[in-house]
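Everything below concerns the one structure shown next.
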Amino acid sequence: MTSAPSSVDRRELRAFVEDALERYGALVERGLRRSEAVLPSALASALQRDESVVITEESEELGTAELLCTLGAPSVEWLLNDLRREPVLVADQPDVAAPRANQARALAERVTFRNAVAVVGESRASTATYLHAIAAWVAEADDRFEGVVSVARNLQDGAHCAERYVERLPPGPALSEVPAIDPRIASEVHAHLSRSLHGAIAPIEAGIARRKEQEAARTIEYFAALWADLDNTRRKADSKALAAKRAAIVAERDAKLREIPGRYALRVKSRWVYARVCVVPAMLTELVVKRRKSERRVLSRLAAEAASLDVWACESCGGPAPRAAVCDERLHIVCEPCAPTAQGRWDCPACGRGA
Ligand SMILES: [Zn+2]
Ligand SMILES: [Zn+2]
């Protein structure tokens with residue numbers, strides 16, 4: 001039986017619920033004593049709540065406009081157990097004002113490349129399509145670990161948006177059709193999540209490797225002590241019985257050592273729990289990037305209600321390339337880690353991959 005959570009636990013539980021709701025695309029207004037949330041309709045129906053709810057720790061008068069936040073409450077259990085649920089899929093068009101051309105232009109003028117000049121061209125109104133997706137993972141070895149990794153990318157060119165941009169967009173009317181995802185972008189999104197997953201699991205793997213080594217060392221030490229005890233008492237036993245005892249110690253030690261790898265083998269499972277595709281107004285501003293005798297036209301994008309431009313995806317690794325360099329041959333946009341020295345002649349990893 002678990003005891004009633006203390007007030008600290010309650011605060012932590014409320015923070016967990018607020019964060020979890022936000023991860024599902026809810027807008028949460030955090031208050032000191034109580035919070036309010038606007039839930040995406042799919043989440044509201046999954047939780048059997050209204051779209052606008054008060055997050056409360058009181059249990060009386062619980063209507064569908066309240067989301068009870070205590071251990072064991074159905075909504076909390078749902079959020080805790082989302083691994084076992086069907087993923088929430090939302091495609092919507094938030095009702096947000098189109099960005100202004102002069103704002104997009106002012107931001108485009110500040111774009112710099114590490115080894116090229118950029119000349120700002122025309123701006124035009126457009127739309128932008130973003131994906132925000134969350135995958136939950138479970139890693140099991142001698143212990144069980146779980147967590148979530150998320151990705152938020154533009155689905156037209158894979159650009160990275162400002163942190164939590166998509167999560168902050170208010171829910172809008174559902175789209176009748178989910179926009180098609182370019183397979184190249186889909187594989188980039190997948191690679192992005194895989195990298196995040198590996199990043200999350202690496203310290204767990206290191207801990208498992210450490211405990212595995214410690215257990216092997218302890219096992220060897222234990223049987224070495226048994227062996228030493230045998231040596232100390234050898235005068236009492238005849239040599240044949242002693243040899244049999246020694247063989248038994250070695251056999252038992254080896255059997256124990258053979259069991260260790262299985263116990264510490266890491267099994268990782270992950271699955272989508274939430275994905276939201278949304279279409280918002282955007283302003284595209286052309287940039288003519290000039291490097292030596294070549295030039296390339298690229299588009300910078302300011303999405304509705306964003307404070308900064310989308311960050312290009314590196315054409316080599318897919319990571320964000322805020323301080324990009326461009327290559328001589330094809331003016332590929334390459335991030336700083338992929339092109340640490342971009343002066344003079346350098347080997348472009350994107351050209352090298354045949355991109
Ligand atoms: Zn890169
Ligand atoms: Zn290149």
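The values are calculated or read from the model by the stated rules, or taken from the named source; none is laboratory data. This structure is a prediction, so every number in the text was calculated from the model and none was measured. Here the Cβ positions follow ideal geometry from the backbone for every residue, glycine too, while neighbour counts run over all protein chains shown.
With respect to the numbered conditions (1) closer than 24 Å to D92 by Cβ; (2) assigned to a helix (DSSP H, G or I), which one is the sole condition not fulfilled by I181?
(2)
Pairs, please: C-beta under 9 Å, at least 6 apart or cross-chain, first residue touching a residue at least 60 places away in the same chain (Cβ under 8 Å) and in region 100-122, second part of a helix (DSSP H, G or I)?
If the second residue must be part of a helix (DSSP H, G or I), the pairs left are A118/A108; A118/E109; V120/R105; V120/A108; V120/E109; G121/A108.
Can you report the number of residues in region 327-353 which are within 16 Å of E295 (Cβ to Cβ), within 13 Å of ligand 1 (Cβ to nearest atom) and of a type in the set (A, V, I, L, M)?
Residues meeting the conditions: 1.
Could you give every pair whose Cβ atoms fall below 9 Å, whose first residue belongs to region 320-332 and is farther than 20 Å from A108 by Cα, and whose second residue is of a type outside the set (F, W, Y) and in a strand (DSSP E or B), counting only separations of at least 6 or pairs across chains?
Every condition considered, the pairs that remain are C327/R291; C327/I333; C327/V334; D328/R291; D328/S294; E329/S294; R330/S294; R330/R296.
Within the group S300, S316, S308, S294, which residue is more than 13 Å from ligand 1 (Cβ to nearest atom), of a type in the set (S, T, Y) and under 23 Å from the mean Cα position of the chain (by Cα)?
On the way: S300 fails: under 23 Å from the mean Cα position of the chain (by Cα); S316 fails: more than 13 Å from ligand 1 (Cβ to nearest atom); S294 fails: under 23 Å from the mean Cα position of the chain (by Cα).
Going through S300, S316, S308, S294 in turn, the sole match is S308.
Provide a single number: the residues in region 283-313 that are over 23 Å from E188 (Cβ atoms), of a type in the set (D, E, K, R) and in a loop (DSSP other than H, G, I, E, B).
3
Can E163 be described as among the acidic types (D, E), assigned by TED's automatic domain parsing to the domain that holds H332, at pLDDT below 85 and closer than 27 Å to T285 by Cβ?
On the way: among the acidic types (D, E): yes; assigned by TED's automatic domain parsing to the domain that holds H332: yes; at pLDDT below 85: yes; closer than 27 Å to T285 by Cβ: yes.
Judged against the criteria, E163 is a match.
Considering region 288-315 alone, what residues qualify as being away from ligand 2 (no atom under 16 Å from the Cβ), of a type outside the set (A, V, I, L, M, F, W, C) and in contact with a helix residue (DSSP H, G or I) (Cβ under 6 Å, 6 or more places away or on another chain)?
Answer for region 288-315, where residues must be away from ligand 2 (no atom under 16 Å from the Cβ), of a type outside the set (A, V, I, L, M, F, W, C) and in contact with a helix residue (DSSP H, G or I) (Cβ under 6 Å, 6 or more places away or on another chain): just S300.
Considering (1) in a loop (DSSP other than H, G, I, E, B); (2) farther than 21 Å from R195 by Cα; (3) within 15 Å of ligand 2 (Cβ to nearest atom), say which one G318 fails and leave the rest.
Of the numbered conditions (1) in a loop (DSSP other than H, G, I, E, B); (2) farther than 21 Å from R195 by Cα; (3) within 15 Å of ligand 2 (Cβ to nearest atom), the odd one out for G318 is (2).
For region 1-108, which fully contained helices (runs of 4 or more DSSP H) count at least 2 residues that are at pLDDT below 80 and not β-branched (V, I, T)? Steps first, answer last, please.
Numbers: elements: 7-23, 41-47, 74-80.
Where helices (runs of 4 or more DSSP H) fall fully within region 1-108 and carry at least 2 residues being at pLDDT below 80 and not β-branched (V, I, T), they are 7-23, 74-80.
Taking region 321-348 on its own, how many of its residues are basic (K, R) and either within 15 Å of ligand 2 (Cβ to nearest atom) or modelled with pLDDT of 95 or more (or both)? It would help to see each step written out before you state the result.
Just the residues of region 321-348 that are basic (K, R), to begin with: 323, 330, 345.
Cutting the leftovers down to either within 15 Å of ligand 2 (Cβ to nearest atom) or modelled with pLDDT of 95 or more (or both) gives us 330, 345.
Matching residues across region 321-348 total 2.
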